[in-house]
Amino acid sequence: MQESEAGLRDRLVGVGVELVAQEGVQALTLREIARRAGVSHGAPRRYFPTHLELLSAIARRGFIDLADRATRAVDDHPGGPRAQLAALADAYLRFAVDNPGMYELMFRHDLLKSGYLGLGDHSPPSFGRLVELVGRVRPDADARLVGGALWANLHGVGQLWGWGSLQLAVGSDDFGRMVGSVLDIYLGPDGE
């Protein structure tokens, strides 16, 4: 029985997701993905004419996973907007630390700018939620600007925490305190 076109395409992407989780972005070659999927080295080109298109399809899975986690974190939190922002920040950072290869792949400029699979459209809904919550906590501020600065800071925290550098610099492994400190910087002290 021959595998369907969509089935093989999904399998190639799934193999790529597993490969980036196990070995990082540098392991995502067309040949290695094909080998692990059990197909000829030319087979991926039928579904992904360029390497960038295959990488985009793999990164898209990461964006979907991150968006699901962020939505659950906010929607399942009974607190107010600041507590929901803390839950969103925690979910974002835990994704970054738990999935360093995928996280690196997702935010590669060449993938986001390429336009393949609309990757640039996957980040804005989560960012929009962040901005909406910032606006509720800080109605006095430009929520988009503060949200952008907060997001950039969280991104840096995720990278540095994943490398172990931040824990060394601050002398603490308390992830929650780090999230709280970042929020205090952009939102002011917690008044909830």
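Read-outs: derived from the displayed coordinates by stated rules, not from any lab. These figures come from a predicted structure and were not determined experimentally. Counting neighbours? That spans all protein chains shown, and the Cβs are built from the backbone with ideal geometry, glycine included.
For segment 63-78, take each phi angle, set θ = phi - 60°, evaluate the Karplus expression 6.51 cos²θ - 1.76 cosθ + 1.60, and give the result in whole Hz per residue in order, putting x for glycine and proline.
Coupling constants for segment 63-78: 4, 5, 4, 4, 4, 4, 5, 5, 4, 4, 4, 6, 5, 8, 8, x Hz.
Taking the Cα centre of segment 1-49 as origin and charging only Cβ (+1 Lys, Arg; -1 Asp, Glu), how large is the dipole, in debye to the nearest 20?
180
Compute the relative contact order of the chain as a whole-number percentage, counting only Cα pairs closer than 8 Å that sit 6 or more residues apart in sequence.
Values: 179 pairs, mean separation 39.5, N = 192.
After rounding, I find 21 percent.
Can you figure out the FRET efficiency of residue 177 with residue 76, using R₀ = 25 Å and their beta-carbon distance, to the nearest 0.05?
Given R0 = 25 Å and the Cβ-Cβ separation, E is 0.70.
Take every Cα pair under 8 Å in segment 1-49 that's 6+ residues apart, average their separations, divide by the length, and report that relative contact order as a whole percent.
This gives 32 percent for segment 1-49.
Once the chain is represented by equal point scatterers at the alpha-carbon sites, with solvent omitted, what log10 I(q)/I(0) does the Debye formula produce at q = 0.09, 0.10, 0.11, 0.12 Å⁻¹?
The Cα Debye sum returns log10 ratios of -0.39, -0.47, -0.56, -0.65.
Taking neighbour Cβ counts within 10 Å as the exposure measure, how do 165, 56 sort from fewest upward?
Ordered from fewest to most neighbouring Cβ atoms within 10 Å, 165, 56 come out as 165, 56.
Can you tally the net charge around residue 175? Count Lys and Arg as +1, Asp and Glu as -1, for every other residue whose Cβ sits under 14 Å from the Cβ of residue 175. Please report the intermediate quantities before stating the final value.
Details: positive: 94, 177; negative: 90, 98, 173, 174.
Value of the local net charge: -2.
Helix-only estimate, please: 222 nm mean residue ellipticity of the chain, summing -39500 (n - 2.57) across DSSP H runs of length 4 or more and dividing by its residues, to the nearest 500.
Mean residue ellipticity, 222 nm, calculated: -24000 deg cm²/dmol.
Roughly how big is the chain's charge dipole about its Cα centre, with Cβ charges of +1 (Lys, Arg) and -1 (Asp, Glu), in debye to the nearest 20?
Values: 20 positive and 24 negative charges, 126 e Å.
The dipole magnitude comes to about 600 debye.
Over the Cα atoms of segment 1-49, Rg to Rh with Kirkwood Rh, two decimal places?
0.96
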